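Comments concern the structure below.
No lab work stands behind these numbers, since they all come straight from the coordinates. Values in this document were obtained by computation on a predicted structure and should not be read as measured data. Quick reminder, even Gly has a Cβ in these numbers, built from the backbone with ideal geometry, and neighbours come from all protein chains shown.
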Amino acid sequence: MKASTKYPILIVILSLVILSGLLSMIAFRQIPKNKLWEDYTVMYASVSVPEKEVLSVLEQSNCKDVVSLSLQSDILDENAFANTMAPVRFIEDSSISNDSASAGKISLENKYIYPALKKMYFFDEQKEYQLYYIPDEYIENIDAALEILQEKYPASCGIDSYSSFPLFVPVVCILLFGFFLFCSDNKLVFSLLSIFPLIFILLVPNSVNGAAICICLYGLFLIQRLWKRNKAIRYGVHNVYIAISLIAPFILCIASSFRNSILYIVALICAASVLYLYSIIETRSRSFVPILSASFVPVLTKTAADYLFVCAAAILVQLVVSFIPSQQSSSKFASKNMMLPSPVSSNKKEQETLPDLQNYFKWIWNIKTFPFKNLDVNEKLKPYSDVKYGDSIIVPRYKETGTADKLSIKEDTTPLFVFDESFFNSVLEDIDKLPSSAFEKVLKIQKSDVVYLYTYRTSSEAFSSFSLIIVLCSVCIPLGMAVHYIIGRRKQYAHSI
């Protein structure tokens, strides 16, 4: 291929790579959101607002598949779960009402009755607001519904979450970029390399990604020192400081989410493409080429090693600022003082928990097994007694065995029901068949290692203990490289004496 046709084709290919990378990053951008529930946003309205009115407004605003209290009664009809072999069921002494006064009261009579417990999810702890669970795919329509309700019932509704752009994360990264740019020998090269990592942190801003980009910027700062040097790519790939500065952020992004790690790789590919495109343009202009190869250029000098502490300081600043509560909310209806049902880490079980899928499993178990239980007892709640993992229901049955000439009847003691993983899986499969308004679908989609408690809705960026550990570990990366360099210099000095 002639050089005259080679370069235009390369320029087109590189431009397509850059454009597709940019569009991919924009398509998968993610702004952190303060949310209590996975895939659902909780809207609250005063109990004085009729539920029918709220559901009507939500439907008018194109909010579909809403999960609310009144929509649970038909779903929880025990006839739907009764055993088909013996369709006998236990009749409760009192029906479960849908009013706020009785919601959430756990008494001896209903502590094994899942529907009575489930009502707690549809009210705040003070029973002043009724809750509605709206799928996130309709989150853009919620504000319109809130506006309508706000006009009719002032200061009586709101949502549990809001978008919160952590501005400090990209700001710290941009300031660090400015510092490295000032200290760079090849400022244009460093700027071109840094464009897409900075776009990455603007599109997926969080503290873990911010720490990753701080380390990445340091690696790009080292790379610009090798620009136009002979064998720069080979030397750069084998340099431990450059390798760590580019690979470690990828690992950090994986800890944030797999999607973020892919977007980080896309950002690096785009950065390399931009630099290659610039090198083509510069080559055709026949600019000056340094004589010394990359191996003669010290990538990490004493001054550059000192910049590792600046990088670590930038990460620490992000960590500290992330704990400063944000006083801003994108929703003018947000209330900060109510306690709402929410899933929390299972190690925070410091109070009585709300019902979960285990309660649902036990309720289904009691309905299905009730026809086969001994009713010759005086305890009123015996049919709804608790059940433990591995419990089984065995009903003696008899079957014929042997040949036609010699038949015999033997007792079959195979359990009809066993409260184990197989039973759980069958119940979970049945949840998928329930209507979209079933609250069990909300519970099923949550993480498995959580318990459900009343918690205050937060007005700050969600910053989990896991993220805290990851960011603290990321601080050790530049500090570790600095220590490695200092030890290496001391050994080199000792050998030279």
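Charging the Cβ of each Asp and Glu at -1 and of each Lys and Arg at +1, and nothing else, the dipole of region 117-160 about its Cα centre rounds to 380 debye.
What's the FRET efficiency of TYR398 with LEU23 using the Cβ-Cβ distance as r and R₀ = 41 Å, to the nearest 0.05? After rounding, the FRET efficiency stands at 0.05.
Across region 28-70, the residues whose backbone nitrogen lies under 17 Å from the label position 7 Å along the beta-carbon direction of ILE262 are 28-31. With R₀ set to 25 Å, the beta-carbon distance separating SER408 from LYS388 gives a calculated FRET efficiency near 0.10. For the pair ASP185 and SER279 in one chain, pulling the backbone fully straight at 0.36 nm per residue adds 32.2 nm over the alpha carbon distance.
Ranked highest first by average number of other Cβ atoms within 10 Å, how do 45-53, 411-419, 262-270 line up?
262-270, 45-53, 411-419
With a threshold of 27 Å on the Cα-Cα distance, the over-threshold entries among LYS228/LYS302; LYS399/LYS433; LYS64/LYS362 are LYS399/LYS433; LYS64/LYS362. Across region 407-427, the residues whose backbone nitrogen lies under 17 Å from the label position 7 Å along the beta-carbon direction of SER448 are 420-427. May I ask which of LYS118/LYS444; LYS119/LYS441; LYS35/LYS119; LYS35/LYS152 have a Cα-Cα span longer than 18 Å here? Violating the 18 Å limit, Cα to Cα: LYS35/LYS119; LYS35/LYS152. Residues whose amide H falls under 5 Å from that of THR41, counting only those 5 or more places apart or on a different chain, are ILE134, ASP136, with hydrogens built in the peptide plane. Projected label points at VAL171 and LEU428, each 7 Å from Cα along the beta carbon direction, are separated by 4.4 nanometres.
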